[in-house]
Amino acid sequence: MKKLSKLIVNADDFGYCEAVNYGIISAHRNGIVTSTTIMANMPGFDHAVNLLKENKDIGCGVHMTLSCNKPLNNKFKSLVDENGMFHRRINEEVVNKIDLDELYYEFCSQIDRVKNAGVEISHLDSHHHVHTIPHFKDVIKSIMDKYNLKIRGGLDHKFDYKERVIPCIDSFYDKNVDVEFFNNNIEEIKSYDVCDLMTHPAFIDNYLLNSTSYAINRAKEYEILTNKKIKKILNENEIVLTNYKNVRSNT
């Protein structure tokens, strides 16, 4: 019997603000989004948690954050700029200055806040893929040891515990956001037993418009991810939609 490919459509940035939250949940109810990851340090966190209580079939992981807003721990000085905010650009200079113990405890604090809010955490990933930075490898390994969760793979980073790493397709972004993306990338999707398609659907509000350059594009992502043609393409290619809660591993 042929083994079907499984696709996790993960909407990043849940908790960013209410408009993002509503867009993600609508893309789940009316489209192909099956999973999301929540930002524990953002102003829409409590709103997102309440939406999860009404939408129990969407999987939810933690979007570990190091480059947006501010940390949960205000005493961790190596993680922030002179204004107490996370560095918006995690370049080599910033990475080399980060105290890895502070990074570990901040990420754990974010995961614990989600867990303590009553969310059944399905997996881990991160804002701007910071969990794949090689210098942070030991921190991420310690976190995986502590929480025993699946994690999104990405870029060229090689994780320990390969049985818990789900490959990521991160090219559904910016100019690639189109119905044809799924036709053009169907063979890549089918090459995996299971993979994570990273997406960023959202509705728009002033907070989103004034805090990120990737704002209007999110509305376009929402439009594509709720387009009925996409489900038809996936069905014709025998690709099953799932989430991290429902997959054992990438093998």
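Some notes on this structure:
- Selected residue (criterion: modelled with the lowest pLDDT) from residues of segment 162-189 that are farther than 24 Å from ALA202 by Cα and open to solvent by 70 Å² or more (accessible area, probe 1.4 Å): LYS162
- Of the residues making up segment 202-251, just one is assigned to a loop (DSSP other than H, G, I, E, B), among the aromatic types (Phe, Trp, Tyr) and open to solvent by 70 Å² or more (accessible area, probe 1.4 Å), namely PHE203.
- Residue match in segment 190-201 (condition: assigned to a helix (DSSP H, G or I) and open to solvent by less than 30 Å² (accessible area, probe 1.4 Å)): no
- Taking the conditions (1) over 30 Å from ILE186 (Cβ atoms); (2) of a type in the set (Val, Ile, Thr); (3) not in a helix (DSSP H, G or I) in turn, ILE151 satisfies each one other than (1).
- Residues located in segment 111-140, provided they are open to solvent by 70 Å² or more (accessible area, probe 1.4 Å), over 15 Å from THR65 (Cβ atoms) and not polar (S, T, N, Q): LYS115, GLU120, PRO134, HIS135, LYS137, ASP138
- Failed item in (1) within 18 Å of the chain's Cα centre (by Cα); (2) under 12 Å from HIS128 (Cβ atoms), with HIS87 passing the rest: (1)
- Residue under evaluation MET144, criteria (1) touching a residue at least 24 places away in the same chain (Cβ under 8 Å); (2) open to solvent by less than 20 Å² (accessible area, probe 1.4 Å), criterion not met: (1)
The values are calculated or read from the model by the stated rules, or taken from the named source; none is laboratory data. These numbers were taken from a predicted model, which means no experiment stands behind them. Cβ atoms come from the backbone with ideal geometry, glycine included; neighbour counts cover every protein chain shown. These accessible areas exclude ligands, DNA and RNA; they are computed on the full protein's heavy atoms, side chains included. Shrake-Rupley method; radii C 1.70, N 1.55, O 1.52, S 1.80 Å.
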